[in-house]
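Everything below concerns the one structure shown next.
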Amino acid sequence: SASPAENGVISINIAVGSRTFTATLNDNETTQALVAQFPMTLQMNELNGLEKYNDLSGDLTTTSTERPATIHAGDIMCWSGNTLVLFYQTFSNSNGGYVSMGSVDDPLNLATALGSGNIQVTWSLAD
């Protein structure tokens, strides 16, 4: 079967309420394990006014992790092997265990759309 990836990237949609954001994921083992589960609607939990996360039922394949010095609004990462994280603020980071998966193409209104509490987010492959 054909891979959804072109030029080493995978285009996805992230639907939050009435808003849909497009994102570009790096084509690697971790993102392939994630998109194999698409489409999926997840309860994304609020953390620290910086991010929304969901502990997935199974581990995503992670080869190596990193500790990015700065995490940017719109970054999509896997943390600790099975936690999908969508960041909506840019901040200095001191935590390790992340695998960078990609980012929202235009995160300008992402924080507003995600709001301050837990929220349902639907992840799907872009057409």
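When only Cα pairs under 8 Å and 6 or more residues apart are kept, what is the percent relative contact order across segment 1-109? Present the calculation step by step, with values, prior to reporting the outcome.
Numbers: 206 pairs, mean separation 28.4, N = 109.
Value for segment 1-109: 26 percent.
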Long-range HN-HN contacts of N82 with modeled amide H, under 5 Å: L60
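Suppose R0 equals 41 Å; then what is the FRET efficiency for A69 and S18 from their Cβ-Cβ distance, rounded to the nearest 0.05? Mind showing how you got there, number by number?
Values: r = 35 Å, r/R0 = 0.85.
Using R0 = 41 Å, I get an efficiency of 0.75.
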Largest-first principal axis extents of the Cα set of the chain (Å): 40, 33, 27
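Quick one: dipole size for the chain, taken about the Cα centre, charges +1 on Lys/Arg Cβ and -1 on Asp/Glu Cβ, in debye to the nearest 20. Don't jump to the answer; show the numbers that get you there.
Working: 3 positive and 12 negative charges, 51 e Å.
Roughly 240 debye, rounded to the nearest 20.
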Leaving out ligands, DNA and RNA, what percent of the accessible area of the chain is carbon and sulfur, probe 1.4 Å? 43 percent
Please report the Cα spread of segment 66-127 along all three principal axes, rounded to whole Å, starting with the longest. 29, 23, 22
Any residue on another chain or 5+ positions along whose placed amide H is under 5 Å from the amide H of G74 is listed here as F87, Y88, Q89
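Output the peptides 30-42, 79-91, 115-127 sorted from most to least packed, where packing is the average of other Cβ atoms within 10 Å over each peptide's residues. Intermediate results must be reported in sequence, preceding the final value.
Numbers: 30-42: 16.4, 79-91: 18.5, 115-127: 13.4.
Final packing ranking: 79-91, 30-42, 115-127.
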What is the distance in Å between the Cα centroid of segment 95-127 and that of segment 1-78? 7 Å
Cα-projected label distance for D55 with S11, points at 7 Å along beta-carbon direction, nm: 3.6 nm
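The values are calculated or read from the model by the stated rules, or taken from the named source; none is laboratory data. Remember, predicted model here, so these are calculated numbers, not experimental data. In this analysis, Cβ positions are derived from the backbone assuming ideal geometry, glycine residues included, and neighbour counts consider all displayed protein chains. With ligands, DNA and RNA removed, areas are computed over all heavy atoms of the protein, side chains included. Shrake-Rupley method; radii C 1.70, N 1.55, O 1.52, S 1.80 Å.
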